[in-house]
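Structure first, then comments.
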Amino acid sequence: MVRIPVLLSQLAGKLAVDGEPGLSGVQLMLASEDLKPVPKSQRLWKSWNFVSFWIADAFNVATWMIPSSMIVNGLSWWQAWLAVWLGYGFTALFIVLTGRIGAVYHISFPVLGRSSFGIWGNLWPVFNRVVMACVWYGINCYIGGHAVYIMIHAIWTSWDRKKIHNTLGSGTTTADFTSFMVFWICSLPALWFPVYKIRHLFTFKAWFVPPAAIAYLVWVAVKAGGMGAVVSRKSKLEGSALAWEFIKGMMSCTANFATLIINDSDFTRFARKPQDALWSQLISLPLAFAFTSLLGIFVASASAVLYGEPIWDPLHLLEQLFEGANSAERFGIFIIAFAFALAQLGTNIAANSVSAGTDMTALLPRYLNIRRGGYICAAVGLAICPWVLLKDSNTFLTYLSAYAVFLSAMAGVITTDYYLVRKGYLNVPELYSGRKTGPYYYTFGIHWRAYAAYIGGILINVVGFAGAVGTPVPIGATYLFNINFFCGFIVSSIVYWLLCKLFPVPETRKQWSEVIESDAESDLPTATRSSSDEKDAASVRARST
């Protein structure tokens, strides 16, 4: 009779992913094919791929909802749009700062974070990022399910949540949940393809979705009797209330990018050269998101003319247009809903499934790769109740702000470590080494300076967050929380820099020392070994494919 431990051992062996032979158990925990620097054969992303990526990512329901929420909360159309420009302008700077690390050294967020948080200390930021990615995957799937519901309703009008018997609890209906499941299942095949190949999906989305969104705006504007009544609507706020609502709207734009600010290197590591991921992102990101937001602002403002109050959810407004629609109009609704569904699919892959999959490879590299991690992310997204977070605009914006609190502190530590402390220098092989004398091992593999700064970046916003969820707090804490991303980023950056000055860390440089390979050099960036490296260093050097 075969014993259970033997069966479990055999099962574990079958589930293990292919790894490089000859590595120790510790090295297998730090390296896998998906964690190694990207070989040249897979560095296929050019500048136009990043432009297409951001155009495609900009056209999604969440991006549409944010400026629409500003209209609901009292801003005029031009005030909301100005907040969008400023918010996404700052966001582009953060994106380029973190993305450059991946573009230069071709490593992902779970690996580059080891230089700042420590070889083992980086597991917590990675886990935190995984959890949030899974939550957002479920949210985007539910939004995509709403688009599927509209598509089905446009074909069969009997598919109506009011007519179909509801067998579920509060918060959703049978029709909505079924549509959610259809979208979730249809998304699964897209998770199969490797990252360097899915760039074509973003290109297709970039060509298809924007015309559909423009057509949506034209249709609603015609129904509202033109744009005159829309642009003439004034702000409902004034004084300090207007100023703080403007700031909150701007911060919501940045919070919408909290995930991608952290893990932009998961995509930029596939860039042919660092410049491909610089200006293409710095310019196309604010332009694409400002344009999408303008559509959302005008559509929300037009809905106020049509229905007496602004409708912040474009899919909910699309449902309103069913009233009295003929077959041709229902076909138009189907196309627009399909565009939103495609938009949600692309965004879910870019911001969530790839990120979660990449990060999970760092948590269990022996058994997980990006593909398996992506499917686990989808399973967790199914297990949560995303509709709870989408009840109204205030809930949506509050969740965005809370999400940014944790990730802004991480971003502050990582960027300060790379740009100010190390001056762009990373010893790539040592990022895969678990030896105790390694430069990134610190104390038991954990960098206490980074965690002190990280906690400081969170604490500055904790009281304000309590106020955002209903607890009475001092007004000063509320004001700080209104600029939560900047507070977390700045505080964590300052604390980390000061601690590294007072207690110096190894592998730093006094001058800018990025190691950028040339076409004649090896497949991976070569980091010059410093005097702190021992001859018997057990490093992992990824090999050319």
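The values are calculated or read from the model by the stated rules, or taken from the named source; none is laboratory data. Just so it is clear, the structure is predicted and the values come from calculations on it, not from any experiment. Glycine also receives a Cβ, built like all others from the backbone with ideal geometry; neighbour counts cover every protein chain displayed. Note: areas computed on protein heavy atoms with side chains; ligands, DNA, RNA excluded. Shrake-Rupley method; radii C 1.70, N 1.55, O 1.52, S 1.80 Å.
Taking all protein chains as present, what is the carbon and sulfur share of the accessible area of the chain, in % to the nearest whole number, probe 1.4 Å?
Working: 14840 of 22180 Å².
Roughly 67 percent, rounded to a whole number.
Under the rule a/c < 1.5 gives rounded, and otherwise a/b versus b/c splits prolate from oblate, where does region 213-257 land using the Cα gyration tensor? The partial results should precede the final answer.
On the way: a/c = 5.82, a/b = 1.54, b/c = 3.79.
Verdict is oblate for region 213-257.
Can you check what the Kirkwood hydrodynamic radius comes to for region 86-154, Cα pairs only, in Å to one decimal?
Hydrodynamic radius (Kirkwood, Cα only) of region 86-154 equals 14.8 Å.
Given the peptides 338-344, 78-84, 39-45, 351-357, arrange them by the average over their residues of other C-beta atoms within 10 Å, most packed first.
351-357, 338-344, 78-84, 39-45
Residues in region 143-158 carry Karplus couplings, in order, of 5, x, x, 5, 5, 5, 4, 5, 4, 5, 5, 5, 8, 10, 5, 5 Hz; the curve used is 6.51 cos²θ - 1.76 cosθ + 1.60 with θ = phi - 60°, and Gly or Pro positions show x. Phi-derived couplings, Karplus 6.51 cos²θ - 1.76 cosθ + 1.60 at θ = phi - 60°, listed residue by residue for region 202-210: 5, 5, 5, 4, 5, 8, 8, 6, x Hz, with x used for Gly and Pro. Put a plus charge on the Cβ of each Lys and Arg, a minus charge on the Cβ of each Asp and Glu, and nothing anywhere else: the dipole of the chain about its Cα centre is then about 660 debye. First check a/c for region 309-363, with a ≥ b ≥ c the square roots of the eigenvalues of its C-alpha gyration tensor; if it is under 1.5, answer rounded, and if not, answer prolate when a/b is larger than b/c or oblate otherwise. Since a/c reaches 1.5 and a/b is larger than b/c, the shape of region 309-363 is classed as prolate. Answer rounded, prolate or oblate for region 161-237, using the Cα gyration tensor with square roots of eigenvalues a ≥ b ≥ c: rounded when a/c is under 1.5, else prolate when a/b is larger than b/c, else oblate. Oblate shape, in that a/c is at least 1.5 and b/c is the bigger or equal ratio.
Model label points for Val26 and Thr508, set 7 angstrom from Cα along the Cα-to-Cβ axis, are 2.5 nm apart.
Could you work out the local net charge near Trp78, counting Lys and Arg as +1, Asp and Glu as -1, over the other residues with Cβ closer than 13 Å to its Cβ? So the surrounding residues net to +2. Seen against the Cα atoms of the chain and their longest principal axis, helix 77-105 is set at about 20 degrees. Quick check on the chain: helices-only [θ] at 222 nm, where DSSP H runs of length 4 and up contribute -39,500 (n - 2.57) each and the sum goes over total residues. Nearest 500, please. The helix-only estimate for the chain comes to -20000 deg cm²/dmol at 222 nm. Each Lys or Arg adds one and each Asp or Glu subtracts one; over the other residues with Cβ under 15 Å from the Cβ of Asn166, this totals +1. With N the number of residues in region 240-325, Rg(Cα) / (2.2 N^0.38 Å) evaluates to 1.49.
Label-to-label distance, Thr478 versus Ala383, with points set 7 angstrom from Cα along the beta-carbon direction: 3.8 nm.
Rounded to the nearest 0.05, what FRET efficiency do Gln275 and Phe204 have when you use their Cβ-Cβ distance and R0 = 22 Å? Don't skip to the end; give the middle numbers.
Numbers: r = 25 Å, r/R0 = 1.15.
Approximately 0.30, to the nearest 0.05.
What the phi angles of region 478-491 give under the Karplus curve with 6.51, -1.76 and 1.60, with θ = phi - 60°, is a coupling list of 5, 5, 5, 5, 5, 10, 4, 5, 5, 4, x, 5, 5, 5 Hz, glycine and proline written as x.
Axis angle, to the nearest 10 degrees, between helix 327-348 and the longest C-alpha principal axis of the chain: 20 degrees. Solvent-accessible surface of region 129-200, averaged per residue with a 1.4 angstrom probe and all protein chains in place: 45 square angstrom.
The orientation-averaged shadow of the Cα convex hull for region 33-142, equal to a quarter of the hull surface, comes to 9.2 nm².
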